[in-house]
Amino acid sequence: MKKKIFYVLIALLAVTFFSCAPVAEIVISPQGDVTIDIAVQPSAHTETIIQTIVGKDKALFDATEITKNLKTENIQTTKLETNAPATVNGKFYIPAHRVKESSLFSIDIKAKTVTCNIHAESVARLVDTFPEDVKEYLELLVSPILTGDIMSASEYQDLIATAYGPKIAGELESAFFKVTLTCPGIVDSVKSEPEGRVHYFTGNSATITVPLSYMLSLEKPLLITVTYK
């Protein structure tokens with residue numbers, strides 16, 4: 001299934017709900033290959049919710065299962081450490097031909113442009129490929145991506161406040177997804193639309209943060225575009 005290329009990136013993002021700060025480092029090679037290095041350290045609130053599903057001292061993610069699934073899609077797992085309940089450190093290599101078959105990355109080596117496009121429809125389709133325990137956890141998030149509702153990030157925060165209380169809603173409001181994107185050449189420009197903040201770009205790399213509440217609502221697709229020279 002071509003869409004399985006998103007599995008690790010979006011699944012790991014989704015379980016970092018409350019006050020966590022997921023970090024992804026994405027490296028584009030001159031040939032158009034992509035390497036994704038991702039780190040997840042859940043907060044205490046997240047750990048409590050996960051433990052209600054998988055049990056105490058058990059891990060939400062099965063490293064062997066993830067590695068096997070990605071291998072069938074010709075995606076190489078070069079490093080993957082998973083610990084209870086959902087701490088993850090992983091590095092994954094996606095060859096250029098698989099990148100072209102996905103809708104996550106659009107890489108034009110000649111035009112020296114990299115585009116990352118994350119939209120609700122593709123994420124919703126992905127959920128069907130997740131293991132049942134991951135699905136159960138995602139359902140607790142009441143994410144518009146999963147319910148099919150169209151909702152702004154602020155409306156989603158209000159929903160979480162109603163479901164879990166204002167403290168947890170406040171933690172969601174302050175949580176961000178951090179992406180560092182490294183290109184084959186010197187970065188010339190960076191855009192993140194309609195949400196996201198470009199913190200800086202220097203040399204071959206650019207760093208962007210996006211509110212996690214926006215990533216879990218995706219009222220409009222998130223489009224990150226980087227040009228380089």
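Bear in mind these aren't lab numbers, they're just calculated from the coordinates by the rules spelled out. Computed from a prediction, not measured in an experiment: that's the story for all the values here. Backbone-built Cβ (ideal geometry, glycine too); neighbour counts: all protein chains shown.
Under the 0.36 nm per residue contour assumption, what length would be gained going from the current alpha-carbon distance of A63 and E81 to full extension? Intermediate results must be reported in sequence, preceding the final value.
Working: separation 18, 0.36 × 18 = 6.48 nm, distance 0.68 nm.
Roughly 5.8 nm would be gained on extension.
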Q) Each residue of region 92-104 in order: what ³J(HN,Hα) in whole Hz does its phi give by Karplus 6.51 cos²θ - 1.76 cosθ + 1.60, θ = phi - 60°, with x for Gly and Pro? A) 9, 10, 10, x, 3, 5, 6, 4, 5, 7, 9, 10, 6
Q.
If R₀ is 30 angstrom, what is the calculated FRET efficiency for the pair K167 and E193, using the beta carbon separation as r and rounding to 0.05?
A. 0.45
Q) What trypsin sites (Lys or Arg not before Pro) does region 61-120 have in DSSP loop regions with at most 14 other beta carbons within 10 Å? A) K110
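Between T72 and T48, take the C-beta separation as r, use R0 = 35 Å, and let me know the FRET efficiency to the nearest 0.05.
Efficiency computed from Cβ-Cβ geometry: 0.55.
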Q. Convex hull over the Cα atoms of region 186-229, averaged projected area in nm²?
A. 2.8
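For region 28-85, which semi-axes, largest first and in whole Å, follow from the square roots of 5 times the eigenvalues of its Cα gyration tensor?
They are 28, 14, 8 Å, listed from largest to smallest.
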(Q) Please list, by residue number, every one of the chymotrypsin sites (Phe, Trp or Tyr not before Pro) in region 65-119 that is coil in DSSP and has at most 12 other beta-carbon atoms within 10 Å. (A) none
